[in-house]
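S.K.: Questions regarding the structure given below will be posed in turn.
The values are calculated or read from the model by the stated rules, or taken from the named source; none is laboratory data. Everything quoted here is computed from the prediction, not taken from an experiment. Don't worry about glycine lacking a Cβ; one is built from the backbone with ideal geometry, like all the others, and counts go over all protein chains shown. Heads up: the accessible areas ignore ligands, DNA and RNA and are worked out on the full protein's heavy atoms, side chains in. Shrake-Rupley method; radii C 1.70, N 1.55, O 1.52, S 1.80 Å.
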Amino acid sequence: MVVPELRPWRAARPRVARLARTVGPRLTRATATVKPQLGRAAAAVKPQLERATATVRPQLERATRATTAATAAVKPKVARITRAVGPKLAALPGPKALTAVSLSMPKPLRTWHYTAGAATAGLALTVGVVTAAGPWDASGQRTAERDWAAVQERFGGADHGRNSGTSDSSGTSGTSAGAPAPAPSAPSVLTGLGSATGTVTAAPTASALSAVLGPLLKNPALGTRQTAAVVDIATGKRLYGLGAGQALVPASTTKIATAVAALSAMGPDHRITTRTALEPGTNELVLVGGGDPTLTARTDPEGWASLRTLADSTAAVLTKRGVRHVTLSYDTTLYAGPELHPIGADNGGNLAPVSALMADEARLNDTTSGTADRSAEPAADAARTFAALLAKHGVRTTSPGPSKATGRATTLAKVTSPPLSALVERMLTNSDNDIAEALARQTALATHVRPDFAGGAKAIRTRLAKLGLPMAGARFTDGSGLNRADLLTPNLLTALLAKAGDPAHPELRAALTGLPVAGFTGTLAARYTDGAAGVVRAKTGTLTGVNALAGTVVDRDGRLLAFAFLAANTTSRDAAQSALDRTATALAACGC
């Protein structure tokens, strides 16, 4: 979905003047390139605009209810913005599309007190700001971010909408059929805030941040120990620290480290292969696991590697060879060590046994994220499902058993996962423990160490050290953060985020684009309903007595900041989460 919202940004001075100076030169070049296509695109996108309007309406209605109380305080600002952009709106193409968006949002709405930050991050809370800032896609990825990335010819994709833990009209977890396609990653937005092409105000001062964040971090809901750090991503400079070098249990914020390590070791375009191999002279067919945690047996694979496709292709080759009966085996020897996480099988449905072969994360229901009962034999179950799929093509099999494909075996068919960047984004958005542990083992394989829990942890530490990150005090025992023996510092977490935003490391960008968007996606979908929805993008971390939040935010002055807040010995999960959300919201509102 593309709404022509960019030119009014420049009209909404002085709030968005800095942003206009940043994007102006690029947009001028982009206009010359895409102008011939605009006419054709207008007709093509109309159906998508209508569907997108229906998709975003519930989010906007919730924002309206949550923000009505502050209308009086910001009414003069909204009026000024409306007067500034009104003449431009009249001249814009596609008035029906704009009207459709406008009608979906009751008035008046508020901009809270970080209009510039919302404009930069793409949050639309008033009709005027919708036009000035650009609407949100249903997945939470900014239309402006997508357009800007397209100008830069950078691709990679944000998976925020896929399997985000929300439900469509059928009750199925994932993006609804009418939702806009996931937008590409946008490194230009992340780095442009501090680029030489535009002027951004100075970063917040330590004393100002201390005055804003200090009292909030002392909230008793955050337990007996709190640590924190805030870093300017444009410069990498730490702006605020509270025990920033002290290590605490990070819970699922560990996944940020896993993401960066995996992307560093294998690159964002790496794919994981699952294949079938036929042993010569025996008619033994081996289903060889490659460690793809997103392999699915569902009828609609939604872009993930499909066990059904693999069965279809394998059956076709066997039939062509005249083979109608095979001895079916499965190979999980790619991974080593125990399959059960140290926390054991009774883990609340958070994690299946870690196997090189599984389908649908060994879930025993139709969910795609969150907790669920899991099979105790993921590989055997996947092989049995594969046998049933072969039978539909007239290929009979024996009851499957474990084996190892030899070097003499002939590969018959294979399917590959989406790029590693997509797996990382799904892992971060949904806080997916199965993907996290698989990526830890894949990193171990790429680093040439034993692919078990200890080897994965060692590989993560090795890759992060090679990136020059501050490893003092850090301890890794897994890739998911389920193990309480994991320890991370706010210094390391913010350095990871800053490194992912570094223009010199575009291969790490998915570690940022996969972060849940406050109020929109993944583990933050139901949070920030009365705060910085759409402005905060962060990874959550929750264990009993442990709460953490680490991510990025654009402050009121347009600075892209990385933050990490860790709390220990908390007594109420919900109270601690609310306290962390208020702290991140205050950082977004800071014009320090």
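S.K.: How much accessible area does Ser313 have with a 1.4 Å probe, in Å² rounded to the nearest 10?
M.R.: Per-residue accessible area (Ser313): approximately 50 Å².
S.K.: Taking R0 as 30 Å, what's the FRET efficiency between Asp312 and Ala345 from their Cβ-Cβ distance, rounded to 0.05?
M.R.: Using R0 = 30 Å, I get an efficiency of 0.35.
S.K.: So, one more: Using only C-alpha positions, report the orientation-averaged shadow area of the convex hull of segment 314-354, nm², one decimal.
M.R.: 4.9 nm²
S.K.: Assuming R0 = 45 Å, can you tell me the calculated FRET efficiency for the pair Ala202 and Arg573, based on Cβ-Cβ distance, to the nearest 0.05?
M.R.: 0.75
S.K.: At 20 °C and 1.002 mPa s, what whole-number value in µm²/s does Stokes-Einstein give for the translational diffusion of segment 283-326, with Rh from the Kirkwood sum over Cα pairs?
M.R.: 183 µm²/s
S.K.: While we're looking at this one, here's another question. For the cross-link pairs Lys320/Lys414; Lys255/Lys404; Lys237/Lys466; Lys404/Lys466; Lys414/Lys458, which exceed 28 Å when the distance is taken from alpha carbon to alpha carbon?
M.R.: Check vs 28 Å cut-off fails for Lys255/Lys404; Lys404/Lys466; Lys414/Lys458.
S.K.: Additional query: How large, in percent, is the carbon and sulfur part of the accessible surface of segment 486-592 at a probe radius of 1.4 Å?
M.R.: In segment 486-592, the share of accessible area belonging to carbon and sulfur is 48 percent.
S.K.: How large, in Å, is segment 446-592 by the Kirkwood hydrodynamic radius built from its alpha-carbon pairs?
M.R.: For segment 446-592, the Kirkwood estimate is 16.2 Å.
S.K.: Moving on. Express the accessible area of segment 396-507 per residue in Å², computed with a 1.4 Å probe while the remaining protein chains stay in the model.
M.R.: 35 Å²
S.K.: Follow-up. Taking all protein chains in place and a 1.4 Å probe, what share, in percent, of the accessible surface of segment 208-309 do carbon and sulfur account for?
M.R.: The value for segment 208-309 is 50 percent carbon and sulfur by accessible area.
S.K.: May I have the pair-distance distribution P(r) for segment 368-492, computed from all Cα-Cα distances with 5 Å bins from 0 and rounded to whole percent?
M.R.: For segment 368-492, the pair-distance distribution reads 2, 8, 12, 17, 20, 14, 11, 8, 4, 3, 1, 0.
S.K.: Also: Put a dot 7 Å past each Cα toward the Cβ at Lys218 and Thr416; how far apart are the dots in nm?
M.R.: Output for this residue pair reads 5.6 nm.
S.K.: Could you tell me what % of all Cα pairs in segment 203-349 have separations over 20 Å?
M.R.: 71 percent
S.K.: Towards the positive end of the charge dipole of segment 285-324, with charges on Cβ (+1 Lys, Arg; -1 Asp, Glu), say which of Val288, Thr319, Gly303 has the farthest Cα.
M.R.: My answer, from the dipole projection, is Thr319.
S.K.: Need the C-alpha centroid separation for segment 516-561 versus segment 372-411, integer Å.
M.R.: Segment 516-561 and segment 372-411 have Cα centres spaced 41 Å from each other.
S.K.: Please report, to two decimal places, log10 I(q)/I(0) for segment 268-420 at q = 0.14, 0.16, 0.17 Å⁻¹ as given by the Debye formula with identical point scatterers on the Cα atoms and no solvent.
M.R.: -0.66, -0.85, -0.95
S.K.: In whole percent, how big is the carbon plus sulfur part of the accessible area of segment 361-432, probe 1.4 Å, protein atoms only?
M.R.: Its accessible area is 49 percent carbon and sulfur atoms.
S.K.: What full-extension length gain, to one decimal in nm, is calculated for Asp300 and Glu377 as 0.36 nm per residue of separation minus the Cα-Cα distance?
M.R.: Answer, rounded to one decimal: 25.4 nm.
S.K.: Arranged from highest to lowest average of other beta-carbon atoms within 10 Å per residue, in what order do the peptides 550-558, 390-398, 255-263 appear?
M.R.: Listed from highest to lowest mean packing, they are 255-263, 550-558, 390-398.
S.K.: Let me ask you something else. What are the residues whose amide H is under 5 Å from the amide H of Val536, where those residues sit 5 or more places off or on another chain and H is modelled from the backbone?
M.R.: Ala518
S.K.: Over the alpha-carbon set of segment 424-524, divide Rg by the Kirkwood Rh and report the Rg/Rh ratio to two decimals.
M.R.: My calculation puts Rg/Rh at 0.95.
S.K.: Accessible area per residue for segment 319-384 in Å², computed with a 1.4 Å probe and the full protein assembly in place, what is it?
M.R.: Result: 46 Å² per residue.
S.K.: Let me know the whole percent of all Cα-Cα pairs from segment 243-308 that are separated by more than 19 Å.
M.R.: It works out to 59 percent of all Cα pairs.
S.K.: Starting with the highest mean, order 577-587, 514-524, 407-417, 324-334 by the number of other Cβ atoms within 10 Å, averaged over the residues of each peptide.
M.R.: Packing order, densest peptide first, comes out as 514-524, 577-587, 324-334, 407-417.
S.K.: Give me the mean projected area, in nm² to one decimal, of the convex hull enclosing the Cα positions of segment 521-592.
M.R.: 4.5 nm²
S.K.: Percent of Cα-Cα pairs more than 17 Å apart in segment 483-562, please.
M.R.: Taking all Cα-Cα pairs of segment 483-562, the fraction more than 17 Å apart is 51 percent.
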